[in-house]
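First up is the structure itself, then whatever we jot down about it.
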Amino acid sequence: ILEQIRDELHQGSILVDIASWKGDFDVTLRDVAERTQASVASLHPMADAELPSLRGQKILIMRVGSQSDRAIQFTRALFEQLEMAVREIQFDSHDRVMALLQGIPHGSGQSLCQTFAHLLQELGIGMHELAKIQSPHFRLCSQAFGRTMTQSPDLSAGIITAAMASPQPKSKAYEAGP
């Protein structure tokens with residue numbers, strides 16, 4: 001789509017993308033911003049689709065290119081009017097941060113749910129029996145299990161796949177390994 005509309009954009013245009021992962025088009029979006037001098041912002045809603053309102057939910061906004069001020073002002077005003085919590089982050093680090101915030105929890109959640117279900121079956125007990133003797137920490141973990149188990153498997157699969165494809169962080173701790 002970006003390639004198709006590139007010729008329509010010019011200085012003074014505002015272009016806003018809304019996507020959970022940027023890796024598929026980040027280079028193209030930066031190129032469009034610089035070549036057309038359009039004001040470009042990138043968005044990622046961190047909202048729970050099951051809630052009845054956007055009020056209080058987060059939306060991440062990112063600057064793309066050197067002319068992004070107008071797009072940022074436009075999107076900030078729009079989402080603040082909807083009473084969303086607007087947070088600005090760096091476009092270049094978005095996918096790595098999402099791998100941390102979404103990829104790891106979804107991946108580990110799926111793994112833990114499968115292991116947990118297997119152990120419950122092996123022990124021949126149910127959650128109602130465990131609830132009678134659970135610790136506070138187990139209660140928190142089981143709430144996370146419950147959320148993972150009730151979400152669409154496609155949601156977790158998409159997040160995990162995108163997280164695995166995102167560039168890895170470049171830090172001393174990461175390079176040192178476990």
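Some points to look at:
- Checked against (1) open to solvent by less than 50 Å² (accessible area, probe 1.4 Å); (2) modelled with pLDDT under 90; (3) not charged (D, E, K, R), residue 97 meets all criteria but (1).
- Considering the range 16-43, the residues that are in a loop (DSSP other than H, G, I, E, B) and at pLDDT below 90 include one that is most open to solvent (accessible area, probe 1.4 Å), namely 24.
- Residues of the range 68-94 satisfying the condition of being among the charged types (D, E, K, R) and surrounded by fewer than 16 Cβ atoms within 10 Å (Cβ to Cβ): 69, 70, 80, 83, 87, 88, 92
The values are calculated or read from the model by the stated rules, or taken from the named source; none is laboratory data. Keep in mind the model is a prediction, meaning the values are calculated, not measured. Note that each Cβ is placed from the backbone with ideal geometry, even for glycine, and that neighbours are counted across all protein chains shown. For the accessible areas, the whole protein counts, side chains as well, though only heavy atoms, and no ligand, DNA or RNA atoms are used. Shrake-Rupley method; radii C 1.70, N 1.55, O 1.52, S 1.80 Å.
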